[in-house]
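What follows is one structure encoded as structure tokens, with my remarks underneath.
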Amino acid sequence: MKAQAPFLYLREEELTDGIELFFFAGRSMADAMAKRLAELGLGQADYRAMHFVARHPGMPVSDLLSILGITKQSLSRVVRGLTTGGYLVQSMGVSDRRQRLLRLTAKGQAVEGELSALQRARFAKAYREAGPEAVAGFRQVLGGLLADTERAGVLRLIAKR
């Protein structure tokens with residue numbers, strides 16, 4: 001393969017291709033779970049909430065609100081539906097009893113695990129095909145796509161594991 005001149009990836013056509021690939025990849029990832037979510041009577045917002053609560057058990061509702069970037073009313077609907085469906089439980093904070101802490105139930109853990117496995121399988125396949133250098137570059141690009149105001153917070157959240 002012929003070596004490319006530096007910065008050809010910054011041409012408008014390459015940038016537009018990246019935008020389109022990002023769109024189609026996101027749609028494909030969502031489509032991979034759509035059938036199972038529909039069978040469960042859940043939506044993408046439900047999955048996103050379950051994902052973050054699974055990774056951070058005991059997460060305050062206010063933190064989830066900040067992560068998802070949705071309105072309080074929308075999050076209230078999601079939390080109420082997941083609680084009613086037996087996927088999520090809420091408890092009062094220890095130091096601040098006004099705080100509502102979220103945890104997945106056993107049922108919620110099972111469903112979140114099943115749905116995340118669908119996502120992880122797609123990432124694992126793509127990562128294997130791309131190789132370690134490409135994966136590191138991909139993670140760097142995704143980090144670069146984050147708004148400057150949220151990059152540090154997102155990277156801190158990911159590092160909390």
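Things worth noting here:
- Applying the set (1) in contact (Cβ under 8 Å) with a residue 24 or more places away in the chain; (2) under 27 Å from residue 150 (Cβ atoms) to residue 52 leaves exactly one unmet item: (1).
- Number of residues in region 26-49 that are part of a helix (DSSP H, G or I), small (Gly, Ala, Ser) and touching a helix residue (DSSP H, G or I) at 6+ places or on another chain (Cβ under 9 Å) equals 6.
Residues are listed down the side, and each one gets a yes or a no for (1) closer than 20 Å to residue 48 by Cβ; (2) touching a helix residue (DSSP H, G or I) at 6+ places or on another chain (Cβ under 6 Å); (3) at pLDDT 95 or above; (4) polar (S, T, N, Q):
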| position | (1), (2), (3), (4) |
| --- | --- |
| 96 | no, no, no, no |
| 109 | yes, no, yes, yes |
| 112 | yes, yes, yes, no |
| 128 | no, no, yes, no |
| 131 | no, no, yes, no |
| 140 | no, no, no, yes |
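- Tally, over region 57-90, of residues that are in contact (Cβ under 8 Å) with a residue 24 or more places away in the chain and in a strand (DSSP E or B): 4
- Cβ-Cβ under 7 Å pairs, at least 6 apart or on other chains, region 115-144 side charged (D, E, K, R), far side part of a helix (DSSP H, G or I): 122/29; 122/32
- Filtering region 121-136 to residues that are within 21 Å of the chain's Cα centre (by Cα) and exposed (fewer than 12 other Cβ atoms within 10 Å of the Cβ) leaves 121, 124, 125, 128, 136.
- Considering residues of region 67-94 that are surrounded by 14 or more Cβ atoms within 10 Å (Cβ to Cβ) and among the hydroxyl-bearing types (Ser, Thr, Tyr) only, the residue farthest from the chain's Cα centre (by Cα): 83
- Options 33, 29, 59, 50: the member that is surrounded by fewer than 17 Cβ atoms within 10 Å (Cβ to Cβ) and at negative phi: 29
The values are calculated or read from the model by the stated rules, or taken from the named source; none is laboratory data. Here the structure is a predicted model, which means the values were calculated and not measured. Note that we place each Cβ from the backbone using ideal geometry, even for glycine, and neighbour counts take in every protein chain shown.
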